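Encoded as structure tokens, the structure appears first; notes follow it.
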Amino acid sequence: MPASENLPLERRLKNRYPVELNVRYRTLMSGPSPVGFGRTLNVSSGGLLIASEQQLVHAGSRLQVRLEWPLLLHGTTPLQLIALCRVIRCQPTAFAVQLERYQFRTRKPGLPRIP
């Protein structure tokens, strides 16, 4: 049997990279929504896998996520990636989201980091 037949079939269209970034997320619904915290386990241009011990989301939920970006704008200004996304899979300690829209924004230098 050729070695290629032993490899699992990769169904993802975009490459995923093992990047750990702090994440803050909240569900998009009317009224106040709880805020959750976590860390990315992997990142692609189409989605994120987020580890979180909080069970605030379920498959189909729409979220706003804020990631602390590791690079500084002009070497001085902190950045964050803000994305609107949909939860596509939930596990006991992690969930996967598909990105719908995202943009980079500056973050005030004095703000505390996400725990």
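The values are calculated or read from the model by the stated rules, or taken from the named source; none is laboratory data. Everything quoted here is computed from the prediction, not taken from an experiment. Virtual Cβ from ideal backbone geometry, glycine too; neighbours counted across all protein chains shown.
Look at R24 and say whether it is surrounded by 10 or more Cβ atoms within 10 Å (Cβ to Cβ), farther than 16 Å from W69 by Cβ, modelled with pLDDT of 80 or more and among the basic types (K, R). Break it down stepwise before answering.
On the way: surrounded by 10 or more Cβ atoms within 10 Å (Cβ to Cβ): yes; farther than 16 Å from W69 by Cβ: no; modelled with pLDDT of 80 or more: yes; among the basic types (K, R): yes.
Spelling it out, it is not the case that R24 is surrounded by 10 or more Cβ atoms within 10 Å (Cβ to Cβ), farther than 16 Å from W69 by Cβ, modelled with pLDDT of 80 or more and among the basic types (K, R).
Taking the criterion of being touching a residue at least 40 places away in the same chain (Cβ under 8 Å), outside any strand (DSSP E or B) and basic (K, R), would at least one residue in segment 104-111 satisfy it?
Going through segment 104-111, the residues touching a residue at least 40 places away in the same chain (Cβ under 8 Å) turn out to be none.
No, segment 104-111 contains no residue that is touching a residue at least 40 places away in the same chain (Cβ under 8 Å), outside any strand (DSSP E or B) and basic (K, R).
If only one of L99, L72 is on the phi < 0 side of the Ramachandran plot, in a strand (DSSP E or B) and modelled with pLDDT of 95 or more, which one is it?
Working: L72 fails: modelled with pLDDT of 95 or more.
Sole residue among the options that is on the phi < 0 side of the Ramachandran plot, in a strand (DSSP E or B) and modelled with pLDDT of 95 or more: L99.
Can Q91 be described as touching a residue at least 12 places away in the same chain (Cβ under 8 Å) and of a type in the set (S, T, N, Q)?
No; evaluated as a whole, the condition is false for this residue.
Out of (1) of a type in the set (K, R); (2) more than 13 Å from the chain's Cα centre (by Cα); (3) modelled with pLDDT of 95 or more, what's the single condition that is false for R86?
It is condition (2) that R86 fails.
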